[in-house]
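What follows is a set of notes on a single structure, which appears directly below.
The values are calculated or read from the model by the stated rules, or taken from the named source; none is laboratory data. Since the structure is predicted, the reported quantities are computational estimates derived from the model, not experimental observations. Note that we place each Cβ from the backbone using ideal geometry, even for glycine, and neighbour counts take in every protein chain shown. Ligands, DNA and RNA are stripped out before the accessible areas are found, and what is left, the full protein with its side chains, is counted by its heavy atoms. Shrake-Rupley method; radii C 1.70, N 1.55, O 1.52, S 1.80 Å.
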Amino acid sequence: MTAAQPTARHDEKPKASEEGAGGLPGELMIWVLIISELVVFGAGLLALLATRLTDPAGFAEAQSHLHRVGAAVNTVVLVSSGYLAALAVRLAAARPGLARLLLILAAGLGAVFLAVKASEYAALFAQGIGTETHAFFTFSYLLTGFHAAHVLAGMVLLLLVAVRPAPRPVGVAAAFWHMVDLVWVLLVPVVYLL
Amino acid sequence: MKLHYIWAALVGLSLLTATLTAANPSRAGLVLGVLVLAGLKSRLILRHYLDLSQSPVWARGFDLVLAFVLMAFAGLALAA
């Protein structure tokens, strides 16, 4: 029995001919996931804004209880974490050890994000504010909680691929992480600022 | 463009968003300013973190959809 001949190296960044539909960079399935998640969060944010039309004053008052500074800090934390993940993708082939460190640091910033988010939830709970307090909080807990679950999933992915940081899996995990980043950038204005 | 420039631009746009919000502008100014800044950040993430700059057709498609979504956000926010 002859050993299987390798047809493609799995430790190289995909070239244009290996890319997804119509030249999408990276894996096609991760783009399907990214687009699906963006549609789900986009629909949720549009639903929040549409529901707000029924009670603008109540929504504005409810929104004033959220911690905008925490949201701003978390934005900087996530875009910085995304930077580390993007660097890891570029270094995975040539310097896997450094890529591993960057992935662990990126996941660490994810933990910082969740800690800030947990403190925000704790402050709201201390004021007796729950999902039933007002329709705004139903949406904000749902959207930010669902997003936080994605942050946790992304951290697990980053740490898993950090064990053996080959370019292709690192690229997939980083793409998921950037999607989490992108959703947060669109979520903050609607939930916290407008 | 080098990644650290993209990171610096994203942090800068985030600080601009915080500054704009703290400046307490008119409702329309806040809505349009914050959403334009969010659009710019999204575009940077899509093109440079997610590498869509390698696929100009897809990048333009995402830009178009993003613009429609942000306009819908702005319309609903200003109607409230």
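Can you tell me the FRET efficiency between residue B:5 and residue B:71 if r is taken as the Cβ-Cβ distance and R0 is 30 Å, rounded to the nearest 0.05?
Calculated value: 0.60.
Give me the distance in nm between label points sitting 7 Å out from Cα along the Cα-to-Cβ direction at residue A:39 and residue A:156, one decimal.
2.4
Tell me, what HN-Hα J-couplings in whole Hz come from the Karplus equation 6.51 cos²θ - 1.76 cosθ + 1.60 at θ = phi - 60° for each residue of segment B:14-26, using x for Gly and Pro?
5, 5, 4, 4, 5, 5, 4, 5, 5, 6, 6, x, 5
Among the complete DSSP H segments of chain A, which ones combine at least 18 Å of alpha-carbon extent along their axis with a mean Kyte-Doolittle hydropathy of 1.6 or more?
Helices passing the filter in chain A: A:28-52, A:135-163.
Round to a whole number: what % of the accessible area of the protein assembly as shown belongs to carbon and sulfur, probe 1.4 Å?
Answer for the protein assembly as shown: carbon and sulfur cover 72 percent of the accessible area.
Can you give the accessible area buried between chains B and A, summed over both chains, with a 1.4 Å probe, in Å² to the nearest 100?
Heavy-atom accessible area buried at this interface is about 3200 Å².
What accessible area per residue, rounded to a whole number of Å², is obtained for segment A:26-193 using a probe radius of 1.4 Å?
That works out to 39 Å² per residue.
Say we join alpha carbon atoms closer than 10 Å with springs in a Gaussian network model of chain A; which of A:46, A:66, A:91 then has the biggest fluctuation?
Comparing A:46, A:66, A:91 in a Gaussian network model of chain A, the most mobile one is A:46.
Just in chain B: which trypsin sites (Lys or Arg not before Pro) are loop by DSSP and have at most 13 other Cβ atoms within 10 Å?
Of the trypsin sites (Lys or Arg not before Pro), the ones in loops of chain B whose Cβ has at most 13 other Cβ atoms within 10 Å are B:2.
Convex hull over the Cα atoms of the protein assembly as shown, averaged projected area in nm²?
15.7
Please list, in order, the residues from segment A:48-62 whose amide nitrogen is less than 16 Å from a point placed 7 Å along the Cα→Cβ vector of residue A:68.
Zone members listed by number: A:59-62.
Mind checking A:167-177 for the average number of partner chain beta-carbons within 10 Å of each residue's beta-carbon?
1
Give the long-range amide H neighbours of residue A:24: residues separated by 5 or more places, or on another chain, with amide H under 5 Å away, using H modelled in the peptide plane at 1.01 Å from N.
The answer is none.
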